[in-house]
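Q: Let me give you the structure first, and then I'll get to my questions.
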Amino acid sequence: MQLKLCLLGLCLLLAAHASHAEPGDERAIRELAAQWEAAWNHHDPAALARLVTSDADFVNVRGAWARGREQFEKNQTAQQEGNERNSTWKTTEVDVRFVNPDIAIVHTYWTLSGELSSEGTARPPHLGIITWTVAKRDGQWLIDASQATDVVPAQSH
């Protein structure tokens, strides 16, 4: 009986640990969002690419799907030299939910201003939300998958 209680206690302890991250992990993930903002605002595709896993999947607000860090950096280079060259990213909210100690879902609201249309005219500032799956690899939190969406203002019916 005592052995069963010990095993039960051990199982409960392991189950509790399975869904909790290490101290400082949430802060590190929030720092990842701050690094994203800084790299974007410096229009530095290489710095953005260092924030993603080598096999990351990235879907931008226009539905372009980059598979892997190399393609992601190539797409970011085109964007940052093109219609995003004068843009400013501002993170307004970050929500972190751990799936297990090494994986978290991150929802981030952001605003973008200074973006150019395909015709080269200034687009009005807009709000978006980006959903990241982040993974802890070799002690570093990186973006493994991403889906960005423009937030459309609610319309009255």
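Read-outs throughout are calculated quantities, based only on the coordinates presented, and are distinct from any laboratory measurement. Since the model is a prediction, treat every value here as computed from it, not as a measurement. Positions of Cβ are backbone-derived with ideal geometry, glycine not excepted, and every protein chain shown enters the neighbour counts.
Q: Take region 78-90 and flag every residue that is surrounded by 17 or more Cβ atoms within 10 Å (Cβ to Cβ) and closer than 26 Å to GLU26 by Cβ.
A: Hit for region 78-90 is TRP89, nothing else.
Q: With respect to ASN75, is the statement that it is under 22 Å from ASP150 (Cβ atoms), out of contact with any Asp or Glu (no Cβ under 6 Å at 6 or more places or on another chain) and surrounded by 14 or more Cβ atoms within 10 Å (Cβ to Cβ) true? Full working, then the answer.
A: Working: under 22 Å from ASP150 (Cβ atoms): yes; out of contact with any Asp or Glu (no Cβ under 6 Å at 6 or more places or on another chain): yes; surrounded by 14 or more Cβ atoms within 10 Å (Cβ to Cβ): yes.
Spelling it out, ASN75 is indeed under 22 Å from ASP150 (Cβ atoms), out of contact with any Asp or Glu (no Cβ under 6 Å at 6 or more places or on another chain) and surrounded by 14 or more Cβ atoms within 10 Å (Cβ to Cβ).
Q: Next question. Just give me the residues in region 22-53 being out of contact with any strand residue (DSSP E or B) (no Cβ under 8 Å at 6 or more places or on another chain), in contact (Cβ under 8 Å) with a residue 24 or more places away in the chain and surrounded by 16 or more Cβ atoms within 10 Å (Cβ to Cβ), in sequence order.
A: Hits for region 22-53 are HIS43, PRO45, LEU48, ALA49.
Q: Restricting to region 57-103, what's the tally of residues that are of a type in the set (Phe, Trp, Tyr) and without any contact (Cβ under 8 Å) to a residue 24 or more places away in the chain?
A: 1
Q: With the checklist (1) in contact with a strand residue (DSSP E or B) (Cβ under 9 Å, 6 or more places away or on another chain); (2) of a type outside the set (Asp, Glu); (3) over 14 Å from ASP25 (Cα atoms) in hand, flag the one item PRO101 doesn't pass.
A: (3)
Q: Let me ask something else about it. Taking region 102-136 on its own, how many of its residues are within 15 Å of the chain's Cα centre (by Cα), of a type outside the set (A, V, I, L, M, F, W, C) and either surrounded by fewer than 18 Cβ atoms within 10 Å (Cβ to Cβ) or under 16 Å from ARG62 (Cβ atoms) (or both)?
A: Number of matching residues: 7.
Q: Restricting to region 137-157, and then to whatever is among the β-branched types (Val, Ile, Thr) and either more than 28 Å from PHE98 (Cβ to Cβ) or not in a loop (DSSP other than H, G, I, E, B) (or both), can you tell me which residue is farthest from the chain's Cα centre (by Cα)?
A: Per the criteria, the residue is VAL152.
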